[in-house]
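The next block holds one structure in the form of structure tokens; read it before the comments.
Rule-based calculations on the coordinates, nothing more; no lab input. Since the model is a prediction, treat every value here as computed from it, not as a measurement. Cβ placement follows ideal geometry from the backbone for every residue including glycine, while neighbour counts extend to all protein chains displayed.
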Amino acid sequence: MKVIPAVDIIEGKTVRLEKGRYDRKLSYDWDPVYAAREWESMGAELLHVIDLDGAREGHPINFSVLQEVTRAVNVPVQVGGGFRKETDIKKALDHGAWRVIVGSKAMEEIDFARNILGLFKERVILSVDSEEGSIRIHGWKKSLDLDIFEVFKRFISFGAREIIYTDIAKDGTLSGPDMKFLKRIISETDVNLIYAGGVKTIEHIRQLKELENMGLAGVIVGRALYDGTLDLKEAVDACKTDNPVS
């Protein structure tokens, strides 16, 4: 299981949101490139870089910052935030992103999800964001009347090998993961899962590590690293694995 540091960007600066709410923004005195390099130096094997302005507006806004980050580090970088066109996905990949995260458009348009997985293969990873089982899109501002487990099954049938799952109710709260619901998702889906939401301490990392054999491939951590409640090097050491990035 990989510990994946998050670098969330608004107006070119590193921030964290609580439960995805833009009116609950925590700003950090960290340049995104500096943050990426810092996490790489502490052992991160993969970085999670999100254009929050892009997620809200529906198209990449901080593309130049995303590009700077991918050029500044030697580890793979997955980027997301408003990627709803094939041309934007291709542009990000051509400029150094290892893979692109797609959520909203894949939820709304079945054919789009199927087509981008067929076209870009593992260079695209789909993201499912939910709050108490309710699917949320467009920067978490809109709900969709879809069953979360059916969504997972649909994406798997299109060839998804890994899927990101974000628990919105936990995101940015440092309140710990919802282990019960996470176990249910993992047990009912046949896919490697990357989880995000609520991680605060090394104890949370160890709890999640116990789900690795069930299919938990990674955990995305943001606020805990910036607030200092979790030491990245300690977390990485606790989760070292011989499995390569898929």
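Structure data summary
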read-out	value
Amide H contacts of TYR165 (H built 1.01 Å from N, under 5 Å, at least 5 apart or other chain)	VAL128, ILE194, TYR195, ALA196
Dipole in debye (nearest 20) - the chain, about Cα centre, beta carbon charges: Lys, Arg +1; Asp, Glu -1	240
Set of aspartates and glutamates near LYS153 by C-alpha distance (under 19 Å), chain-local residues within fewer than 8 positions excluded	GLU108, GLU109, ASP111, GLU122, ASP129, GLU131, GLU132, ASP145, GLU162, ASP167, GLU188, ASP190
Longest segment of the chain lacking GluC sites (Glu not before Pro) that sit in a DSSP loop with at most 14 other Cβ atoms within 10 Å	12-108
Percent of Cα-Cα distances greater than 25 Å, calculated over the range 2-238	34
Sorted by Cβ density within 10 Å, fewest first, the residues ASP178, ASP227	ASP227, ASP178
Positive-pole candidate from LEU52, MET42, MET107, dipole of the chain, charges at beta carbon	MET107
Loop trypsin sites (Lys or Arg not before Pro), the range 152-188 (other Cβ atoms within 10 Å of the site Cβ: 14 or fewer; DSSP)	ARG161
Those lysines that a straight Cα-Cα span of less than 21 Å connects to LYS233, excepting residues fewer than 8 apart in one chain	LYS2, LYS200, LYS209
Rounded, prolate or oblate (a/c below 1.5 giving rounded, otherwise prolate when a/b exceeds b/c) for the range 104-246 by Cα gyration tensor	prolate
Selected from GLN207, ILE10, LEU232, residue furthest toward positive end of dipole (the chain; charges at beta carbon)	ILE10
